[in-house]
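For reference, the structure is listed below as structure tokens.
Bear in mind these aren't lab numbers, they're just calculated from the coordinates by the rules spelled out. Only a predicted model underlies this, so the values are computations on that prediction, with no experimental measurement involved. Cβ coordinates were reconstructed from backbone atoms using ideal geometry, including for glycine residues, and neighbour counts include every protein chain displayed.
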Amino acid sequence: MGLYLGVDCSTQGLTAIVIEIDGDARRIVFNRSLNFDRDFPEYGTTGGVISGADGEVQAPPAMWADALDRMLGELAQSADLDLDDLRAISGSAQQHGSVYLNARAPSVWRALDPSAHLAPQLAPIFSRPRSPVWLDASTAQQCREIEDALGGADRVATLTGSPACERFTGPQIRRFAIEQPGAYAETARVHLVSSFLASLLAGRDAPIDPGDGSGMNLMNLRDATWSPEALDATAPDLAARLPPIVPSWEIFGTLSPYWQKRYALPAAAIVPWTGDNPSSLIGTGIIHDRVAAVSLGTSDTVFALTTTPAASSSHVFRSPTGDFMNLVCFRNGSLAREWVRMEYGQDWDAVAKILESSPGNDGWLMLPWLEIESTPRIAHAGLRRFGFDRGDAARNIRGLIEGQMMAIANHAAAVSGTIDRVIATGGAAVNRAILQVMANVFGVDVYRLDVENSAALGAALRAYHADRLAAGEPVSWKTVVSGFTEPQPGHRVWPNPKLVAMYADLRRDYAILETLHKDRAPIC
Ligand code: ADP
Ligand code: XUL
């Protein structure tokens, strides 16, 4: 019998899931979430982030550490768990965000006082007290410079899996190195959010896994090594500042004495952390083709597994299985849905009734670019309404959510060939009316998983996989995910054939509007 812990540090909160595996008997025995704004108000975040001028969006890394500390405390107090059986821990985090540490970090980690909170003890280690996160869009100039140095956007995409993107780590590091050369000189290590938190658990510098490494514009996608030319195009002496890249399943340490003493936890193995999207791939059980996952979190993403990288996808990452995953990311996800709900004074039940009352919005469309958008790249924020105005609550709500689903379905063609079904995950996947729109727009069955946070579940499953591999008893990915990710019949949403045909026409109109308006400023 073994327990495996998976942690997900996402944009808005931190979730921990413990799975128990006893032969064929498998179950979730702990599942808890903390919300940054609500549970850590002292850090002053909104939606887990702090927005500044010129597209800057950042978050304090100390807050993530604080949340990890509190979560392990809650886990340790969970009376019905025998944590001596905790064998391995892995995790995931929002992708692309970077944490900048000075040379003191390793000695501070080794000397942590188990009787005291973690976050205040970390104060001396940051060479940059706030981390840029994936919502940051301040690095357009650095993206162009990197692309120019490497021979253009297509060349960067072939080399690293994505064209230079504003939110990706390489352009973020470049901006920091150029604008704050003194602080960059002080920086001995640049971590991803994932490898930073893994380092805290192990009490030593953690490696980066190829899944999260692919979100940096710095890794050679084919062989999962740092690309010397991408590093040179980004910032001086960057190679010395990056942790090594190791396979996602390679155990690199054990839970450090700080945690063992503080919470009476065993010396569990620490498995490299990865990005939330690669982790969700495992947590949604996508280990074969013809299935796509749609994650309706702070960002909306659609992704699928592939054995060879697809040239047409906007991002190709390595997957935690060692294969590849294609992904498209939409910046206007849950926060835009939340905004339209509140703007028109509705609760989620009322939103559901509005969606159900007139599918297709009587033919009226909206391009849902409340904020600047990454897919397609939209520099001028603002909703584009066609045929109705801002006063019409129902049409605005339907227009925004249907527009989002049409954009996801249209762009999903780039991540996968034929799709037989969609697995929906993320906070908004609990909303059946939204999944019904998704099913009608995609024209396939949509399944919601039992577990809301598939990234945390994926992390726990990855911990199990790595532990068994290290024990010389490797388990296939099919076996790893079985018992946790099978779609439940009660969670199936069927498409309505009549509405599928209607949305197919609307999707064509939507695609035309998207192309016509993506380079234009909003009218109002
Ligand atoms: P992340 O992992 O990116 O931090 P989550 O996947 O936890 O985000 O999703 C959080 C979002 O889920 C919230 O912003 C909220 O808008 C959305 N959400 C929660 N409940 C519902 C609901 N019933 N209907 C639609 N959206 C919901
Ligand atoms: C993916 C992306 C987001 C973040 C936050 O490229 O930027 O999905 O991982 O979830």
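Odds and ends about this structure:
- Dividing the Cα radius of gyration of region 337-390 by 2.2 N^0.38 Å, with N the residue count, gives 1.25.
- Considering only the chain, percent of DSSP beta bridges that pair antiparallel, nearest 5: 70 percent
- Near residue 383, no amide H atom lies under 5 Å from its own; only residues 5 or more places off or on other chains count, and H is placed 1.01 Å from N.
- Distance from region 199-265 to region 48-109 (C-alpha centre basis), Å: 15 Å
- Potential lengthening between residue 178 and residue 377 on full extension [0.36 nm per residue; Cα-Cα distance subtracted]: 69.2 nm
- Extension gain, residue 37 to residue 469, is 151.7 nm, computed as 0.36 nm per intervening residue step minus the present C-alpha separation.
- Label point distance in nm, residue 26-residue 225, each placed 7 Å from Cα along Cα→Cβ: 3.5 nm
- Computed FRET value (nearest 0.05) for residue 393 with residue 420, which takes r as the C-beta separation and R₀ as 25 Å: 0.10
- Sorted into 5 angstrom bins from 0, the C-alpha pair distances of region 176-311 split as 2, 9, 15, 18, 17, 16, 12, 8, 3, 0 percent.
- Cα centroid of region 388-417 to Cα centroid of region 437-509, whole Å: 21 Å
- Distance in nm between pseudo-label sites at residue 239 and residue 516 (7 Å out along the Cβ direction from Cα): 5.2 nm
- Dipole magnitude (debye, nearest 20) for the chain, charges at Cβ of Lys, Arg, Asp, Glu: 400 debye
- Using only alpha carbons, region 239-364 has a radius of gyration to Kirkwood radius ratio (Rg to Rh) of 1.12.
- Here residue 82 and residue 108 are evaluated by their C-beta separation; at R0 = 30 Å the FRET efficiency comes out at 0.40.
- For region 313-330, Karplus couplings with θ = phi - 60° (6.51, -1.76, 1.60), whole Hz, Gly/Pro x: 6, 6, 9, 10, 10, 7, 9, x, 7, x, 8, 10, 9, 9, 8, 10, 10, 10
- What the Cα convex hull of region 376-507 gives, in volume per residue, is 155 Å³.
- Estimated 222 nm signal from helices in the chain, with DSSP H stretches of n ≥ 4 weighted -39500 (n - 2.57), rounded to 500: -11000 deg cm²/dmol
- Positive-end residue, region 78-130 charge dipole about Cα centroid, Cβ charges, pick of 107, 129, 93: 129
- Counting only DSSP beta bridges with both residues in region 302-447, the antiparallel share comes to about 80 percent.
- Comparing region 367-419 with the 2.2 N^0.38 Å rule of thumb, its C-alpha radius of gyration ratio is 1.27 (two decimals).
- Evaluated on region 159-223, the Kirkwood hydrodynamic radius is 12.9 Å, with distances taken between all distinct Cα atoms.
- D (Stokes-Einstein, µm²/s), Kirkwood Cα radius, the chain, 1.567 mPa s at 4 °C: 56 µm²/s
- For region 1-155, share of DSSP beta bridges that run antiparallel, in % to the nearest 5: 75 percent
- Gap separating the Cα centres of region 356-377 and region 11-30, nearest whole Å: 36 Å
- Using θ = phi - 60° in the Karplus curve 6.51 cos²θ - 1.76 cosθ + 1.60, the 3J(HN,Hα) couplings for region 180-193 round to 10, x, x, 5, 5, 4, 6, 7, 8, 9, 10, 10, 7, 4 Hz; x is entered for Gly and Pro.
- Label zone at residue 500 (point 7 Å along Cα-to-Cβ), backbone N below 12 Å, region 442-458: 442-446
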